[in-house]
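Structure first, then comments.
The values are calculated or read from the model by the stated rules, or taken from the named source; none is laboratory data. Just so you know, these numbers come straight off a predicted model, no measurement behind them. Heads up, the Cβs are rebuilt from the backbone with ideal geometry, glycines too, and the neighbour counts pull from every protein chain shown.
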There are 2 protein chains.
Amino acid sequence: MHGKFPRFSALPLLSVLISAALADDGRPAPSNVAGREFPRIHDDLRITFRVKAPDAQNVQVVPRNDGLGHAPFDMQRDASGTWTVTTPPAQPGFHYYELIVDGMHCNDPNSETYFGWGQETSGLEVPDAKLDFYDAKDVPHGEVRIRWYPSNVTGTIRRAYVYTPPDYDSNLKQRYPVLYLQHGAGENERGWSTQGRAGFILDNLIAAGKARPMIIVMECGYATQAGSVPTPGGRGNEAFGALVVRDLVPMIDAHYRTLSDRQHRAIAGLSMGAGQALQVGLGNLDLFASVGVFSGAGRNLDLKTSFGGALADAATANSRLNLLWIGCGTEDRLFASSQAFHEALTGAGIRHVWFGGPGSHEWQVWRKHLHEFVQLLFNP
Amino acid sequence: MHGKFPRFSALPLLSVLISAALADDGRPAPSNVAGREFPRIHDDLRITFRVKAPDAQNVQVVPRNDGLGHAPFDMQRDASGTWTVTTPPAQPGFHYYELIVDGMHCNDPNSETYFGWGQETSGLEVPDAKLDFYDAKDVPHGEVRIRWYPSNVTGTIRRAYVYTPPDYDSNLKQRYPVLYLQHGAGENERGWSTQGRAGFILDNLIAAGKARPMIIVMECGYATQAGSVPTPGGRGNEAFGALVVRDLVPMIDAHYRTLSDRQHRAIAGLSMGAGQALQVGLGNLDLFASVGVFSGAGRNLDLKTSFGGALADAATANSRLNLLWIGCGTEDRLFASSQAFHEALTGAGIRHVWFGGPGSHEWQVWRKHLHEFVQLLFNP
């Protein structure tokens, strides 16, 4: 009986499981434009994309970062000119993607767009059943404020996104530490609050008493000197450090109730922004006492000479740095150089936090990095 | 000699003018993604669009509102698979448009996208050499704050965009009147600050002393009752009035330094939002004393019965309404009904402001409407 029972009962069970899988037509992704039925996320995180392109010869879905897979997915046309494809299971998190329609790279009209890859790009949010630290919950919410300000360095009116914590407008005697937080290459000042959900991450941590209420300043990492000739098609970033030091930090300290000493000012970033955090942070230790490096510790770093020698002497570095935080996912192409940086720091006796863990070069990792980093930040 | 001189000199002058016109390859539109060379705006406001679609058979630029023209513009392919078209001169202002590539409706990767037509849609900003009231200038800037809040009416966490005037964070004893400002059909809470430039319009007017510093609340006009079954593909708005009255106004008055009496609360909107402003404003005169109607006075209005009879008696209406403002462009398909509403109000002796003037159903008109309306608003 023992042997037979599963054999006889397994068939109907299997049949139920198979029809459940077939009947699972999924749910619209949270990143869909309101009311759009596709893309749909299935229980096993396969994704079904569907678009209408009646006269096209060839339509593909092309992932633009890890997590949704790598190869282009060929869509199949039905008689009405609607094209559909279901991908293998995706990783949870945020994924850029595009369509290629007869050689034209374009967005999926069903999805919200996000600034990445140097343009507005379709995005897909795949919920993680095990993680909700970055979701909008019923906790007190801070604001993300869109602030325009004139820059002498660039000679333009620029835009910063500024997160203020939930009690900012009610606790008027309170002053707050400030984290400057930078996006990656091809992204802009909107990235951390949309793709990265920085505001919700902080709201949730602050509600749980796990992070100190702080201001987060998100600016665009591209900045060229006033009067310089723009490179056609290019976006320079050579004036970013000067922008931060000469225009951005003074503007923020003038307009917001900041704690304006170096102990209460940090800079962090992801990928290109990680390099900028190292350069601008370690290059201006009179202004910054903490630095966060998310998936972007540069190659060929020499502790003796890099960053104006800020790390040349361990005792000096340890006395000046409250927190040097370095993270990188193990599947990231920059993992080896990040780990090498971590090991060089360890070897030199420079105090820092190293955060490895699974993940590649994408936003789900950076959400986790921010979540870890800010819990250690500004804690005496 | 007198007759001869212009004849001989006109030829080289004409030749110079012609070659200048030919040599005028224009400038990138301000709505381009940073670094993109196309679309380009020529001196005479012709627009040149260019995209790469090597394998496509047919690529068109399709205007999605007036101002850029109506017919689709067929793009011409060159040997490398790049498609180009130059349109006739456009109207200044903001224009939605899309591409159609072999039957696939998609965005132009060169342009920023804006939420319109129920999805992210390409936008083109054509500067007006004669108007700068909506430009970012070197004046004190207010903030546009992204605020998330829970709604009991919809059972969701919703997002409002809230403009606070330049002195809001420095003039802490000051309280401000509040304008609730609604977008049109297919748009969302971002529309007024991006397409509409509401923040810059107010910044400039406040700097010039021409508008009273005020808070502007921009929410999404789509709202469905908690627990209601969503229409597939649809976006209901039947709970919008309840949302404003029961959730939004109390949240705003709780979180911001508002003047919370009806004299200092107004509601306005464009197109669908104009109808909502009339319904919600006139339907709740205990909350609102001013209403702005931009290009959307409904058809078949009966002053005696519409809006719960709020306009049935002129003396009562005049005693309760501080400002009833109605505007519509003469080329708008809703001009006749707007003018009829204005004439009915005049006939009934109900005090109001009527603003005609050129323009169709598009954002350049609504920028002008906001600019006129707020100069009259909250002035005792």
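A few comments on the model shown:
- One residue stands out in the stretch B:28-39 among those that are within 17 Å of B:Phe94 (Cβ to Cβ) and within 13 Å of chain A (Cβ to nearest Cβ): the one that is surrounded by the fewest Cβ atoms within 10 Å (Cβ to Cβ), namely B:Pro30.
- Taking the stretch B:90-115 as the range and being more than 11 Å from chain A (Cβ to nearest Cβ) and either at pLDDT below 95 or in contact with a Gly (Cβ under 7 Å, 6 or more places away or on another chain) (or both) as the test, the residues that pass are B:Ala90, B:Gln91, B:Gly93, B:Phe94, B:His95, B:Tyr96.
- B:Thr87 in the same structural domain as B:Gly359 (by TED's automatic domain parsing) and polar (S, T, N, Q): no
- Residue match in the stretch A:290-308 (condition: under 15 Å from A:Val217 (Cβ atoms) and of a type outside the set (A, V, I, L, M, F, W, C)): yes
- Strands (runs of 3 or more DSSP E) wholly inside the stretch B:263-363 that include at least 3 residues being modelled with pLDDT of 95 or more and surrounded by fewer than 22 Cβ atoms within 10 Å (Cβ to Cβ): B:353-355
- Residues of the stretch B:56-89 classified as away from chain A (no Cβ under 13 Å) and closer than 18 Å to B:Gly329 by Cα, total: 6
- Set A:Asp128, A:Asp135: member being more than 8 Å from chain B (Cβ to nearest Cβ), out of contact with any Lys or Arg (no Cβ under 6 Å at 6 or more places or on another chain), within 30 Å of B:Gly186 (Cβ to Cβ) and touching a residue at least 12 places away in the same chain (Cβ under 8 Å): A:Asp135
- Answer residue from the stretch B:40-55, given it is surrounded by 20 or more Cβ atoms within 10 Å (Cβ to Cβ), at pLDDT 95 or above and more than 19 Å from B:Ala129 (Cα to Cα) and is farthest from the other protein chains (Cβ to nearest Cβ) among those: B:Phe49
- Residue in the stretch A:207-224 that is surrounded by fewer than 23 Cβ atoms within 10 Å (Cβ to Cβ), at pLDDT below 95 and within 14 Å of chain B (Cβ to nearest Cβ) present: yes
- Of the strands (runs of 3 or more DSSP E) lying entirely inside the stretch B:27-118, the ones with 3 or more residues being over 29 Å from A:Arg158 (Cβ atoms) are found at B:59-63, B:82-86, B:93-101, B:104-106.
- Residue count for the stretch A:145-165 under the criterion of being at the interface with chain B (Cβ under 10 Å from one of its Cβ atoms) and either part of a loop (DSSP other than H, G, I, E, B) or polar (S, T, N, Q) (or both): the result is 2.
- Total residues in the stretch B:227-254 satisfying the condition of being buried (at least 16 other Cβ atoms within 10 Å of the Cβ), at pLDDT 95 or above and not charged (D, E, K, R): the figure is 11.
- Screening B:Gly118 against (1) farther than 17 Å from A:Glu120 by Cβ; (2) modelled with pLDDT under 95; (3) within 14 Å of chain A (Cβ to nearest Cβ) leaves a single unmet condition, (1).
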